[in-house]
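Before any comments, here is the structure.
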Amino acid sequence: MKRVYSIWVCMNEKENSLNHFHLVDNKIIGNKTWKGMLDLLNIVMVGITNKESKEEEVSDMCNLSLGVREKAMQEKARSIIINMYEKNKSKEEIADLTNSTIEFVEDTIHGYETGRITADGREKMVV
């Protein structure tokens, strides 16, 4: 399963806004921890006014898709690194072949070995 972002743009709002909605595990009765990834469903709400926006607010909203894209690219890079690591490539070879720093390769491998990063490169959400 892949992480999904649904982006909604609402026009004619009273003020510019950007909100991120996502699942959380609120324990009401008992302490059961459900297995699975809570970060799979994400909703982003963008509110835009008719008024001329402040440059900073517009910049933040325009760069939203860039942040989502960069995260996806990082996850793909980690997935490739983990795949090469499982095929017994050295850290130096992996860094060279993926054009990554040795520090990024080591962090990815350490995260994978400790369970912080999944085989497909995603960081597990800690709840």
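Taken together, the values in this text are just the output of simple stated rules run on the coordinates, not laboratory data. Values in this document were obtained by computation on a predicted structure and should not be read as measured data. Reconstructed Cβ throughout: ideal geometry from the backbone, glycine too, with neighbour counts over all protein chains shown.
Annotations
- Couplings 3J(HN,Hα) of region 107-123, computed from phi: 5, 5, 5, 4, x, 5, 5, 8, x, 6, 10, 7, 4, 8, x, 7, 7 Hz, in residue order, whole Hz [Karplus 6.51 cos²θ - 1.76 cosθ + 1.60, θ = phi - 60°; x for Gly and Pro].
- Contact order relative to length of region 70-119, as percent, for alpha carbon pairs under 8 angstrom and 6 or more apart: 36
- For 103, 93, order by how many other beta-carbon atoms lie within 10 Å, fewest first: 103, 93
- Difference of contour (0.36 nm per residue) and Cα-Cα distance, residue 31 to residue 19: 1.4 nm
- DSSP-defined antiparallel bridges as percent of all bridges, the chain, nearest 5: 50
- Residue order, fewest to most surrounding Cβ atoms within 10 angstrom, among 73, 84: 73, 84
- Residues 68, 44, 105, ranked from the fewest to the most other C-beta atoms within 10 Å, line up as 68, 44, 105.
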